[in-house]
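Everything below concerns the one structure shown next.
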Amino acid sequence: MSKDDVLKFNASNGELIVVRLAGCPDAEQIIDIIKTNAPDRSYVLMEHYGTKPESVKRYICDMNFEKNLLIVAVAGTAAVGALSAIQMEGGKRTETAHILNIGLHIIPSHRGMGIGSQMLNYTSEWAKEHGFKKLEATIFTTNKRSLSLFERAGFIIEGTRQKRVRIGMQYIDEVLLGKVL
């Protein structure tokens, strides 16, 4: 294992998965993962750091990795998943600095193989080691698979934002999930 590898395991299909810390060179693969994961949600996520590889790379390179986590799951040489755990409001408010916002994306061909569960478990342990007290995630109600994954990982539904976003002519609700560590 390299110094950036944080976890190795076999997915349910037997494929070796290496989870490692993400770095500047991963920007394009992370964009691709997000786009294949949830095209309808991509625009929401990309608001934080833009849609161009250069802006994502800048976002990743400038990230404070003492209080934020960005990992990728790799099968062979291809990134198949990405997880970000970003400190609430950049840690600027002491009232919420104990919370990490989680974003998890797995490409369609690798969903349901235990990769997301392993990444969430690792993130929970990392968060505890770094003094965080709570994890939060927001998921569209249309994403039943992700809702189920997060609930299996110990997250509970804390609320629903009605008609949170409009995509085309459809309004979609968003669920807020939390996990106290």
Given (1) at negative phi; (2) modelled with pLDDT under 80; (3) surrounded by fewer than 19 Cβ atoms within 10 Å (Cβ to Cβ), Glu28 misses just (2)
Of these, Gly112, Gly103, which one is in contact (Cβ under 8 Å) with a residue 60 or more places away in the chain, under 16 Å from the mean Cα position of the chain (by Cα) and closer than 22 Å to Asp32 by Cβ? Gly112
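The rows are residues; the columns are (1) at pLDDT below 95; (2) under 14 Å from the mean Cα position of the chain (by Cα); (3) not polar (S, T, N, Q).
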site: Tyr59; (1), (2), (3): yes, no, yes
site: Gly81; (1), (2), (3): no, yes, yes
site: Ser117; (1), (2), (3): no, yes, no
site: Thr138; (1), (2), (3): yes, yes, no
site: Ser148; (1), (2), (3): no, no, no
Can you confirm whether Thr142 is part of a loop (DSSP other than H, G, I, E, B), at pLDDT below 95 and either in contact with a strand residue (DSSP E or B) (Cβ under 7 Å, 6 or more places away or on another chain) or among the acidic types (Asp, Glu) (or both)? yes
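Which of the residues that make up region 74-95 are of a type in the set (A, V, I, L, M, F, W, C) and either closer than 19 Å to Lys133 by Cβ or in contact with a Ser or Thr (Cβ under 8 Å, 6 or more places away or on another chain) (or both)?
Our first condition is that a residue be of a type in the set (A, V, I, L, M, F, W, C); within region 74-95, this holds for 74-75, 78-80, 82-83, 85-86, 88.
Val80, Leu83, Ala85, Ile86, Met88 - these are the residues of region 74-95 that are of a type in the set (A, V, I, L, M, F, W, C) and either closer than 19 Å to Lys133 by Cβ or in contact with a Ser or Thr (Cβ under 8 Å, 6 or more places away or on another chain) (or both).
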With criteria (1) within 15 Å of the chain's Cα centre (by Cα); (2) under 19 Å from Thr36 (Cβ atoms), Lys144 comes up short on (1)
First in region 117-131 and surrounded by 15 or more Cβ atoms within 10 Å (Cβ to Cβ) and aliphatic (A, V, I, L, M), second anywhere and in a helix (DSSP H, G or I) and at pLDDT 95 or above, Cβ under 9 Å, 6 or more apart: Leu120/Leu149; Leu120/Phe150; Leu120/Arg152
Only one of Leu83, Leu104, Leu149, Leu70 is crowded, with 19+ Cβ neighbours inside 10 Å, among the hydrophobic types (A, V, I, L, M, F, W, C), touching a helix residue (DSSP H, G or I) at 6+ places or on another chain (Cβ under 7 Å) and in a helix (DSSP H, G or I). Can you tell me which? Leu149
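Answer yes or no: is there a residue in region 153-167 that is buried (at least 19 other Cβ atoms within 10 Å of the Cβ) and not in a strand (DSSP E or B).
Residues of region 153-167 buried (at least 19 other Cβ atoms within 10 Å of the Cβ): 153, 155.
Among the residues that remain, those that are also not in a strand (DSSP E or B) are: 153, 155.
Yes, because at least one residue in region 153-167 is buried (at least 19 other Cβ atoms within 10 Å of the Cβ) and not in a strand (DSSP E or B).
The values are calculated or read from the model by the stated rules, or taken from the named source; none is laboratory data. No experiment lies behind these values; they were computed from the predicted model shown. Backbone-built Cβ (ideal geometry, glycine too); neighbour counts: all protein chains shown.
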